[in-house]
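Written out below as structure tokens is the structure these notes cover.
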Amino acid sequence: MTTPQPTALMSGRYQRAFTLAVLFLVVVWHLGGAGGQLLHSRPDYGSFAFQAIMWLVMALAITAGALLVLRGAPGWRGAWAVAVVALAASTASAAASPAGQMLAVNWSWGSAGWIGVLVLLRRRFSELAWFLAAEALATLGVQAWDGLNRTDLAGFLGVLAWSTGAQVAVAAGVRALDLAAGHASEAARSEAGARERVATAELIRAARHARWLVLQESAAPLVAELAAGTADPGDPRVRVRCAVQAAQLRRLLAESDEVPGSLVHELHASADVAERRGVAVEIETAGPLPPVPSQARRVITDAAIAVLTAARSQARITLAVVAAGIAVSFVADTGAVVALPAADAGVAMEQQQDGHILWAEARWNSR
Amino acid sequence: MEQPVTVAIIEDHPVVTEGVASWIAADPGQRVRLVQAARDLSGLHTASQPAADVVILDLELSGELVTTQIPELVAAGYRVVAFSGHSDPAIVMETLDNGAHAYVSKEEGRDHLVEAVLAAATDRPYVTRSQAKAMLADQRPARPALSQQELQALLLWFQGMSKASVARRMSISENTVRQYISRARAKYAATGRTAPSKDALLARAIEDGVIKPGEIMPYTSFARAVADHPSPGVPGQ
């Protein structure tokens, strides 16, 4: 059976790898890029302690964001909570930075943007756009508060260009890779389905071949004898052989493990031939029947064929659940005892004749 | 000579009514007399006195199952023999639990309907093969416990053997075979909901020596058993 799990798993595994790559980028940026800049510009801040606390707040936001995205696609509450914390820390840090040195000392800008990318990566693209726009506006607002220093404004625009560009590029790249992974797993799924169909076809072919071999042993010689004229169709014994072969052909065509209650199905197929001869056949089932293995089914249907072939005008087939298996019985006006197949595959045979009525029972025990 | 048993038939297909009439007419002893034929139950409900000893009831009238109306007929003093094209064991068991004396499928009518009517008239059990099938297929938690011998006799009877053949197969007398099958039926009359028809059947079974009072299990509340193990086709659902 094809289940979507393996391929969905495969696509999920790729997506997780992309998430980890983005997470790695964010962590490296915050530790190396932002952390390095913070330490390097240490003497320039009014309060280094405040900047360090903001850096730690953002580190916590990254941790929270990492937990969210590693657990699966985050909901909007979680994602935006992390994003807003990062944005607030970034804005506070920028506001506390000395005016006119934005480009040199502001470490927080990039980290906030990357945190936004991390948590909003697999949400709607517009959410990330809104976040990045809000961050740009906040930083611009801080600068306006500081009196719109020309150097800062130039730095701001420069940073906006490369960092937002990089962030958008990464987000778009991950999206494209997600899509590709989806396509790849779709292709793998259809390939697995094709393989399965080939295997099923092979099983069916093998089963047909087995049936053909069975027919080679019994039906083919009979047809050959009829064709050669050594078997006389007027001979009742030849007619019985023909009837048995016709019933077996039908039974073989009906044999299939896919049909629920297939024993009943096969018995109906066997009864069909007798009905064509004008024998009234009734089939009754008492209770839900347990599944019967195909070997045992074959012994039972062989018994059915033997009794039905000998029936003159009527036959009753019943199936009933008994203690440890099922009892299939045949009552028919055969006029004589019938050569039943030998007990085999857990099936026991019994028969009793009263006048012209024969009772036979094939009892299969599961133990 | 004994008075013939009077019978009413409720059947919405006239051709079936005619068939039943012809089976009754073909009975050599003329033991049954058809006194009424109707297409629905309204005539029986309005009569103050039971119009017949036994009612042959088609379980499906104008496309509706009427098994739930059996208790009313029983309360009005009729003995009911269900005659139906359905052979679904759940419907058979529901019919018997509602107080019908016997269940005869339409395939069995020719051989069994007149005999079933006669048995019902004297409150004696009559088990058709379709009824045996339903008893063998019964999986309900509140089903009565049948002995191995009773089950074997029911199974062989269901399989299509004559009672004489069943007797030979089991190395017992034909009378004992009847006894086993009747006892199984009586045990069913002792389970499920109460009905005057079931009491009468049980009383007659004890009188005839089919079953001893000690073999009858106490009444079990079907409603409770069903609440524990809900299953479709059980009355009261």
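Things to note:
- Search result, residues across the stretch B:167-197 that are of a type in the set (A, V, I, L, M, F, W, C) and closer than 22 Å to B:Arg143 by Cβ: B:Val177, B:Ile181, B:Ala184, B:Ala186, B:Ala189, B:Ala190, B:Ala195
- Residue count for the stretch A:232-246, restricted to those that are touching a Lys or Arg at 6+ places or on another chain (Cβ under 8 Å) and either assigned to a helix (DSSP H, G or I) or surrounded by 18 or more Cβ atoms within 10 Å (Cβ to Cβ) (or both): 1.
- Residue match in the stretch B:164-181 (condition: under 18 Å from B:Ala90 (Cβ atoms), of a type in the set (A, V, I, L, M) and either in contact with a helix residue (DSSP H, G or I) (Cβ under 9 Å, 6 or more places away or on another chain) or crowded, with 16+ Cβ neighbours inside 10 Å (or both)): no
- Every pair of residues 6+ apart whose Cβ atoms lie under 6 Å, when the first sits in the stretch A:298-327 and is farther than 13 Å from A:Val281 by Cα while the second is part of a strand (DSSP E or B) and polar (S, T, N, Q): A:Leu319/A:Thr285; A:Ala324/A:Asn365; A:Gly325/A:Asn365
- Criterion (closer than 22 Å to B:Val16 by Cα and touching a Leu at 6+ places or on another chain (Cβ under 6 Å)) met by exactly one of B:Val80, B:Val92: B:Val80
- Checked against the criterion of being touching a residue at least 12 places away in the same chain (Cβ under 8 Å), more than 14 Å from chain A (Cβ to nearest Cβ) and within 16 Å of B:Ala121 (Cβ to Cβ), the candidates B:Ala203, B:Ala195 yield just one match: B:Ala203.
- For the stretch B:1-40, the set of residues classified as part of a loop (DSSP other than H, G, I, E, B) and surrounded by 17 or more Cβ atoms within 10 Å (Cβ to Cβ) consists of B:Pro4, B:Glu11, B:Arg31, listed by residue number.
- Considering only residues in the stretch A:328-367 that are touching a residue at least 60 places away in the same chain (Cβ under 8 Å) and small (Gly, Ala, Ser), the one that is surrounded by the fewest Cβ atoms within 10 Å (Cβ to Cβ) turns out to be A:Ser366.
- Being more than 19 Å from B:Leu151 (Cα to Cα) and facing chain B (nearest Cβ under 10 Å) is a property that A:Gly346 lacks.
- Remark: pairs (first residue in the stretch A:107-131, in the same structural domain as A:Trp76 (by TED's automatic domain parsing); second residue hydroxyl-bearing (Ser, Thr, Tyr); Cβ separation under 6 Å; 6+ apart in sequence or on different chains) = A:Ser108/A:Ser90; A:Ser108/A:Ser93; A:Gly110/A:Ser163; A:Ala112/A:Ser90; A:Gly113/A:Ser163.
- A:Ala303 within 27 Å of A:Arg239 (Cα to Cα), within 11 Å of another protein chain (Cβ to nearest Cβ), at pLDDT 85 or above and surrounded by 22 or more Cβ atoms within 10 Å (Cβ to Cβ): no
- Residues in the stretch A:59-76 that are in a helix (DSSP H, G or I) and under 31 Å from the mean Cα position of the chain (by Cα): A:Gly65, A:Ala66, A:Leu67, A:Leu68, A:Val69, A:Leu70, A:Trp76.
- Residue among B:Ala121, B:Ala132, B:Ala100 that alone is closer than 22 Å to B:Thr6 by Cβ and buried (at least 21 other Cβ atoms within 10 Å of the Cβ): B:Ala100
- Qualifying residues in the stretch B:137-156 (those that are hydrophobic (A, V, I, L, M, F, W, C) and surrounded by fewer than 24 Cβ atoms within 10 Å (Cβ to Cβ)) - the one farthest from the other protein chains (Cβ to nearest Cβ): B:Ala142
- Within the stretch B:157-171, if we keep just the residues that are facing another protein chain (nearest Cβ under 8 Å) and not charged (D, E, K, R), the residue that is farthest from B:Ala51 (Cα to Cα) turns out to be B:Ser165.
- Looking only at residues of the stretch A:44-88 that are surrounded by fewer than 18 Cβ atoms within 10 Å (Cβ to Cβ) and of a type in the set (Ser, Thr, Tyr), we find that the one that is modelled with the highest pLDDT is A:Thr63.
- Top-ranked residue in the stretch A:98-157 [being modelled with pLDDT under 80 and not in a helix (DSSP H, G or I); ranked as surrounded by the most Cβ atoms within 10 Å (Cβ to Cβ)]: A:Asn106
The values are calculated or read from the model by the stated rules, or taken from the named source; none is laboratory data. What you see is a predicted model; the values in this text were computed from it and never measured. Heads up, the Cβs are rebuilt from the backbone with ideal geometry, glycines too, and the neighbour counts pull from every protein chain shown.
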